[in-house]
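The values are calculated or read from the model by the stated rules, or taken from the named source; none is laboratory data. What you see is a predicted model; the values in this text were computed from it and never measured. Glycine gets a Cβ as well: all are built from the backbone with ideal geometry, and neighbour counts include every protein chain shown. The accessibility values were calculated without ligands, DNA or RNA, using every heavy atom of the protein model including side chains. Shrake-Rupley method; radii C 1.70, N 1.55, O 1.52, S 1.80 Å.
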Amino acid sequence: AGILVWAANLSETAVGRYSKTLSAINQGSALAVVDPVNIELTQKADMWVKPRPGSDLALCLAMINVIIQERLYDEDFVEKWSVGFDDLRNHVEQYSPASVSEITWVSEASIRKLARWYATKKPACILWGNGIEHNLNGFQTGRAISILRAITGNLCVPGGELECQSLPLIEPS
């Protein structure tokens, strides 16, 4: 299992989530942190990626690029539950890790490593904070993170994204 904490200083802003995150780490969950600031959780992280402030959208799109190019996405989930995957594939072609490295100040190797880390941790969840929402691209960054969650099949699965677990699962027609 994996937990990706993205621009969220849980120990200062979400104490309940922080406690649950520490508990999951103590039970063996892997942790990656995406934050330019050295927050408390970076000391416990298996990986810490420090992007240029405000470049989260580009980083996320490059991760999606890697996941699609390396076929690390959940093909069954994408086939059954998504619309527009080919359009997504075409869109993220312009966000290669090499080009995004210049925008984010994160090395190409680190972008690839983070994308592979998240895509191969099963189940995995992303905890994002106000750092995502308080910039010009906040809405689009939230969309990209949601796409990242979906294409890796981490929605409505134990240990993944369970915000909607109380809703009945509707089978596609």
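Looking at the range 60-78, is at least one residue of a type outside the set (Lys, Arg), part of a helix (DSSP H, G or I) and exposed (fewer than 14 other Cβ atoms within 10 Å of the Cβ)? Yes, the range 60-78 contains at least one residue that is of a type outside the set (Lys, Arg), part of a helix (DSSP H, G or I) and exposed (fewer than 14 other Cβ atoms within 10 Å of the Cβ). Just wondering, is there one or more residues in the range 94-116 that are of a type in the set (D, E, K, R) and open to solvent by less than 40 Å² (accessible area, probe 1.4 Å)? Within the range 94-116 (the criterion being of a type in the set (D, E, K, R) and open to solvent by less than 40 Å² (accessible area, probe 1.4 Å)), the answer is no, since none of the residues qualifies. Residues that are under 30 Å from Glu102 (Cβ atoms) and in contact (Cβ under 8 Å) with a residue 60 or more places away in the chain were ranked within the range 13-52; the one that is most open to solvent (accessible area, probe 1.4 Å) is Asp46. When you scan the range 134-156, do you find a residue that is assigned to a strand (DSSP E or B) and either touching a residue at least 40 places away in the same chain (Cβ under 8 Å) or within 23 Å of Ala1 (Cα to Cα) (or both), even just one? Scanning the range 134-156, I find at least one residue that is assigned to a strand (DSSP E or B) and either touching a residue at least 40 places away in the same chain (Cβ under 8 Å) or within 23 Å of Ala1 (Cα to Cα) (or both), so the answer is yes.
One line per residue, one yes/no per condition, for (1) surrounded by 20 or more Cβ atoms within 10 Å (Cβ to Cβ); (2) closer than 24 Å to Asn9 by Cβ; (3) touching a helix residue (DSSP H, G or I) at 6+ places or on another chain (Cβ under 8 Å); (4) of a type in the set (D, E, K, R):
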{"site": "Ala119", "(1), (2), (3), (4)": "yes, no, yes, no"}
{"site": "Ile126", "(1), (2), (3), (4)": "yes, yes, yes, no"}
{"site": "Leu136", "(1), (2), (3), (4)": "no, yes, no, no"}
{"site": "Arg143", "(1), (2), (3), (4)": "no, yes, no, yes"}
{"site": "Arg149", "(1), (2), (3), (4)": "no, yes, no, yes"}
{"site": "Asn154", "(1), (2), (3), (4)": "yes, yes, no, no"}
{"site": "Val157", "(1), (2), (3), (4)": "no, no, no, no"}
{"site": "Gly160", "(1), (2), (3), (4)": "yes, yes, yes, no"}
